[in-house]
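The values are calculated or read from the model by the stated rules, or taken from the named source; none is laboratory data. It should be emphasised that the depicted structure is a prediction, and the values quoted were computed from it without experimental measurement. FYI the Cβ positions are ideal-geometry reconstructions off the backbone, even for glycines, and counts take in every protein chain you see.
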Amino acid sequence: MFLLQAFLVAFFGLFAAFAAAWIAHSAKISEFRQSWIDGLRLDIADFIGLAERWFRKKEEINSIPSGEKDKRERDEVAPVADEARVILGRIRLGLNPENNPDGQQDTQLLQSLEDLLNPGKVDPASRQGLADIAFDNARRTLKREWEKTKKIRVPRRSDFDW
């Protein structure tokens, strides 16, 4: 009887240790995902703000005589566009390109963001509509990723294949 009790205590102790380790691991992954989501949210907001600034500068420069237009475009518009493209690159690098069941939604988000810096697509009439599409796509992506973070993942056999 004592041997059975010792075995059960050892078994439940091992199970509790495994469960605690798994919970700690899941909590750490959730913490990293939350940090990634916060960074993505900040990058998207910064990008949309820079795209707005780029559009306003472009509009302002288009209304001046052509003599100084090129210089001001180079000095004022190009740096804003470059900064926005750096942030867009960071957003693109943060999204999973391979075997991603949400790849189409991610592509829509990236395309809607790129459209905000496309002179052929942005004009005073369409600008706010394009920004609204980008915001909607961003909200869907962020909500999807937040829902994934909230889920508790059950251990699978492949988690233990080293």
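Points worth noting:
- Counted residues, the range 35-89 - those being in a loop (DSSP other than H, G, I, E, B) and either small (Gly, Ala, Ser) or surrounded by 13 or more Cβ atoms within 10 Å (Cβ to Cβ) (or both): 1
- Cβ pairs under 8 Å, 6+ apart, first in the range 70-89 and of a type in the set (A, V, I, L, M, F, W, C), second outside any helix (DSSP H, G or I): ALA81/LEU117; ALA84/LEU117; LEU88/LEU117
- Flag for ARG41 being free of Cβ contacts under 8 Å to residues at least 60 places away in the same chain and of a type outside the set (A, V, I, L, M): no
- Qualifying residue in the range 73-80 (condition: under 17 Å from the mean Cα position of the chain (by Cα), farther than 30 Å from PHE18 by Cα, at pLDDT 85 or above and of a type in the set (Val, Ile, Thr)): no
- In the range 11-51, the residues that are within 16 Å of GLU147 (Cα to Cα) and of a type in the set (A, V, I, L, M, F, W, C): ALA27, ILE29, PHE32, TRP36, ILE37, LEU40
- From the options LEU109, LEU130, residue that is modelled with pLDDT of 85 or more, crowded, with 17+ Cβ neighbours inside 10 Å and within 18 Å of ARG56 (Cα to Cα): LEU130
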